[in-house]
Structures are given as structure tokens and as C-alpha cells.
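One structure below.
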Amino acid sequence: MSTSPTTSTEARPAPHHHAMDAAPAPQGATGAKGVLLPVAIVLVIGSIFVSVFLAAFHAPRPHNLPVAVVGTTQRLEQVTGGLELGLPGGFEVKRYADENTARRALQDRKVYAAYVTGPGKSATLLYAGANGPSVTSTVTGAFSGVAKADNDRLTVRDLVPASAGDTRGMSVFYAGFGVVLAGFLFGMMTYQMAPRLEYRWRLASLASFSILAGVLVAAMAGSLGFAALPGPFLGIAGIIALMAAAVGSATMTFMRLFGRAGMSLAAVVLLTFGNSTSGGTLPTPYLPDWLHPLSEVLPVGVGVRAVQGLSHFNNDGLTAGIVVLVAWILVAAVVLFWLDARGPRRAAVG
């Protein structure tokens, strides 16, 4: 007797799918828009970069560069007139009572050179080689012309020389540029690689990146590395860490507020305008008037000045730099808290 196979009628449980197991397929531009949109965006950003840097550096000249003169009223007028004749609008001449006061002003970077007139027809030009060869060339050329016109016997002295590891005075610019680039990349990648990371852990990641960036850059650029930035290790590391945190958090905020367009906006504001106005290649008095204010509010400009102050100029710009950088970080942290932590909570309540 044969038995026919029986078919089980028990219902099998349907496979359970988690809605968050797989990310939805990315949606993007297609067709002509997909072809032309990346081209247009990149060309716009590139054009802004080229035009801003050319505007800043194609023919750099000082605008009201502060300089000191020590001497009588008559000598002050002679020197001021000679500077204005040689480079109209190039210098802001300040009179100092004596050489010691002028020296302190130079060391604090309140002025970029000091012309000290002596007895008879003698004069001494004090300058700071740490300001870079372009500034040195500007002030020595201008004051040499004044001395020649007035028949002064001129002696030239470098009161604040550049460090042995930074003969061109460009190391702080490259360090600042690298930190800004790293901060921008971190702010972009943290949302791309970990879009669902909790707010507190995202800030912990930002803090870890910033601290490590500060230590690494200070080690490479300081006495442990290339000896390009002779300031105190902890001070340099601290300012670099604040710069990295400010740029990283600002990039994150741009992306959260403006979506994909935020990455382009962050690149223009932080990389293009930030680095062109940083003062790392030339001091801010060399910038066009419309770019000058940005150096006092963007992270890289205030950070670069603070690092230069720590390294050469009696902490010039340090307090202002810390205040501005911390302000960037706090504002970004509040905005991100509202969008990433408080926003989902309010949605859940609703």
C-alpha cells in the first residue's frame, strides 16, 4: 500500500525585515543635469578661488602698514613725506618717544618697522624678519629711499629674526592651510560615513580629531620636527586644535543647514576666503580693503595670527584668536544640537 506525500499546511512565518537594515538607493541628477551640474559647481568654486587669490596677491602692496618713527617733529615730517612720495597710502606713520618704546611696539607687532633718527644725519631701521621676506623688502626699500633722500647714514637691524627652520616665513601658512583642509574633510566625512551617529558621539569624534590634529601639527612644525614654529608646544597645539575644531564644526553646520550645497559653501568660505585672508603669506595690511575684515573673523586668519604671536611677537593676537575660535565652536555646537539632538526628540514627541 503506497502512501502519497502530504503537503504541510502550516503557515510559515514571513521573513522579518528591518526598515533601517539597508539604506535607500541614492537619488541624484540624471541626464543632462547629471552631466552639467557637477561641471558648473566645480567651475564656479574654482573661479571664485582663482579670482579671490588673484585679487589678494597678483600685485601685493601695503595699505596703511603701521610703522614707527622716533625723532623730532621736523624729522617725522621728512620721513612721512618721503614714505608717501615713494609709496602713496602704503604706510601709517606713528611717532614714538624713544627707541625702547619703538622696539617694544615692533616686538609686539603693533608696528612692522621702526625708523630711529639719531644725532646728526644718522638713523637706524629696526624690522622683524619673522614677518617674512616680502615685508622686509617693503620696509627696507622704502626707508632706504627716505634715508638716501635725506642723506642719512642708515644702519639696518633685524630685531625679530625668522626661525632657522622657516627662512621664508611660509610655514605658518602651510600649517594653517593643512589644518583648514583637514577640518573641512572631517566635517564632510563624519556625516557621509556615520550619518546616524548620535550628537554626543559626533562631538566626541570632533574633539578627538581636533586634539590629535593639534598635537601632530605642533610636533611636526615645532622643535620636535622642522623647527619652523618656535613657540611653546602646548600653546601651538592648543591653537591648532581650536582651529581644527572651529573649521570641522563649521563645515558640519553648513552641511546640516544647506544639505549638499553646504559642502560647496564651506569650501568657498573656509578654504578660499579663509586661506586667502589668513595673513600667512602676507600681513593683512597687504589685502584689498574688501578682504581685510575677513581675516579678523574667519578661523584660519585669527588662528594664524595667534600662532605667529606665540612664535615671535609676544602673544600678539592670542586672546582675540581664542575668543573668535571658541565662538565658532560654540555657535556650531548649539546649531548642531538643535538639528541633530533636539530635532529628532521633538519629532518623536510630535
Failed item in (1) loosely packed, with under 15 Cβ neighbours inside 10 Å; (2) over 27 Å from VAL111 (Cβ atoms); (3) touching a Ser or Thr at 6+ places or on another chain (Cβ under 8 Å), with ARG157 passing the rest | (2)
Restricting the stretch 51-79 to residues that are without any contact (Cβ under 8 Å) to a residue 24 or more places away in the chain and within 32 Å of the chain's Cα centre (by Cα), which is farthest from GLN107 (Cα to Cα)?
-> SER51
Determine which member of the set LEU330, LEU339 is surrounded by fewer than 21 Cβ atoms within 10 Å (Cβ to Cβ), in contact with a Leu (Cβ under 8 Å, 6 or more places away or on another chain) and assigned to a helix (DSSP H, G or I).
-> LEU339
Note on the stretch 272-292: residues touching a Leu at 6+ places or on another chain (Cβ under 6 Å) and either at positive phi or open to solvent by 40 Å² or more (accessible area, probe 1.4 Å) (or both) are PHE273
Sole exception among (1) open to solvent by 70 Å² or more (accessible area, probe 1.4 Å); (2) touching a residue at least 24 places away in the same chain (Cβ under 8 Å) for THR167, by number | (2)
Which residue out of GLY81, GLY86, GLY31, GLY71 is open to solvent by less than 80 Å² (accessible area, probe 1.4 Å), of a type outside the set (A, V, I, L, M, F, W, C) and either modelled with pLDDT under 85 or over 27 Å from ALA142 (Cα atoms) (or both)?
-> GLY31
Qualifying positions in the stretch 89-102 - under 29 Å from the mean Cα position of the chain (by Cα) and exposed (fewer than 15 other Cβ atoms within 10 Å of the Cβ) | GLY89
Has the stretch 304-326 got any residue that is aromatic (Phe, Trp, Tyr) and assigned to a loop (DSSP other than H, G, I, E, B)?
-> yes
Could you please give the count of residues in the stretch 132-154 that are of a type outside the set (Phe, Trp, Tyr), open to solvent by less than 20 Å² (accessible area, probe 1.4 Å) and part of a helix (DSSP H, G or I)?
-> 4
Which residue, of VAL269, VAL300, is in contact (Cβ under 8 Å) with a residue 24 or more places away in the chain, hydrophobic (A, V, I, L, M, F, W, C), surrounded by fewer than 20 Cβ atoms within 10 Å (Cβ to Cβ) and within 26 Å of ALA221 (Cβ to Cβ)?
-> VAL269
Pairs only if they're at least six apart or on different chains, beta carbon under 6 angstrom, first in the stretch 126-149 and closer than 21 Å to THR101 by Cα, second modelled with pLDDT of 95 or more and among the basic types (Lys, Arg); list them, first residue then second.
-> LEU126/ARG157
Only one of (1) open to solvent by 30 Å² or more (accessible area, probe 1.4 Å); (2) in a loop (DSSP other than H, G, I, E, B); (3) under 27 Å from PRO60 (Cβ atoms) does not apply to GLY120, and that is (3)
Number of the exception - GLY46 against (1) loosely packed, with under 11 Cβ neighbours inside 10 Å; (2) more than 28 Å from ALA149 (Cα to Cα) | (1)
Give the number of residues within the stretch 53-88 that are of a type in the set (S, T, N, Q) and more than 15 Å from ASP152 (Cβ to Cβ).
-> 2
Filtered residue count, the stretch 155-166, keeping only those that are within 30 Å of SER223 (Cα to Cα) and in a strand (DSSP E or B) | 3
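Here's the yes/no breakdown for (1) in a helix (DSSP H, G or I); (2) among the hydrophobic types (A, V, I, L, M, F, W, C); (3) within 14 Å of the chain's Cα centre (by Cα); (4) closer than 23 Å to LEU282 by Cα:
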residue	(1), (2), (3), (4)
GLY169	no, no, no, yes
ARG196	no, no, no, no
TRP201	yes, yes, no, no
ALA204	yes, yes, no, no
ALA213	yes, yes, no, no
ILE239	yes, yes, yes, yes
ALA244	yes, yes, yes, yes
ALA250	yes, yes, yes, no
ARG256	yes, no, no, no
Which condition does ALA105 not pass, out of (1) modelled with pLDDT under 90; (2) of a type in the set (A, V, I, L, M); (3) open to solvent by less than 80 Å² (accessible area, probe 1.4 Å), if it passes all the others?
-> (1)
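Results for (1) open to solvent by 40 Å² or more (accessible area, probe 1.4 Å); (2) more than 30 Å from ASN314 (Cβ to Cβ); (3) modelled with pLDDT of 95 or more, shown as yes or no for each residue.
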position	(1), (2), (3)
MET193	yes, yes, no
ILE211	yes, no, yes
ALA218	no, no, yes
PHE233	yes, no, yes
GLY238	no, no, yes
ALA246	no, no, yes
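The values are calculated or read from the model by the stated rules, or taken from the named source; none is laboratory data. All figures in this text were calculated on a predicted structure; none of them were measured in a lab. Reconstructed Cβ throughout: ideal geometry from the backbone, glycine too, with neighbour counts over all protein chains shown. We work out accessible area using only protein heavy atoms, side chains counted, and drop any ligands, DNA or RNA first. Shrake-Rupley method; radii C 1.70, N 1.55, O 1.52, S 1.80 Å.
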